[in-house]
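The values are calculated or read from the model by the stated rules, or taken from the named source; none is laboratory data. What you see is a predicted model; the values in this text were computed from it and never measured. Every residue, glycine as well, gets a Cβ built from its backbone with ideal geometry; the counts of neighbours run over all protein chains shown.
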Amino acid sequence: MEKKPKKQNKKKIQEAEKAGEWYVRHRYKCVTTRRPVRNQFQKVDFFGADVVGKQLGGTHVYLQVTTGSAANVSQRRRKLEAVPWHDSDIVQIGQLVSEQEGRKKNWFFRIHQYRPSSCKRVWYVEEQWYPIPKEWFTAWKEKNNGDK
């Protein structure tokens, strides 16, 4: 029997989604990004992803963010594998991890990349962790951030 993943902190999930939007804009130079609508009665994701970005060339970047452990990551992997992705789509899971440095916590994304174009369902875990600046935990505002 499969072990159920531990419940995640709602506030940290929302902050991780905001950081995911910043990550997609900075790493992939997406000109448009969207996060799902969440309210008391519904939760709407984009094909199982928390953030979708569109590059100038038309390529879509889908990022599923998790604040949980390996069990949460594998659960999200299965969810994303069920979607029929286009070969040009970039599909990733961003696992929010922290590192204690004295009293300060440094936050990083550990990226799990899915290759939908390959015959098999292949996931690659990038060796480099991407640091998340403190400002990334706030919502992206187009008029304020410009080309930061």
- prompt: If you go through the stretch 69-107, how many residues are touching a residue at least 40 places away in the same chain (Cβ under 8 Å) and in contact with a Gly (Cβ under 8 Å, 6 or more places away or on another chain)?
  reply: 1
field: Those residues of the stretch 78-120 which are assigned to a loop (DSSP other than H, G, I, E, B), modelled with pLDDT under 90 and among the charged types (D, E, K, R), in sequence order
entry: D87, R103, K120
- line: Filtering the stretch 74-111 for residues that are in contact with a Ser or Thr (Cβ under 8 Å, 6 or more places away or on another chain) and exposed (fewer than 15 other Cβ atoms within 10 Å of the Cβ) leaves a count of 4
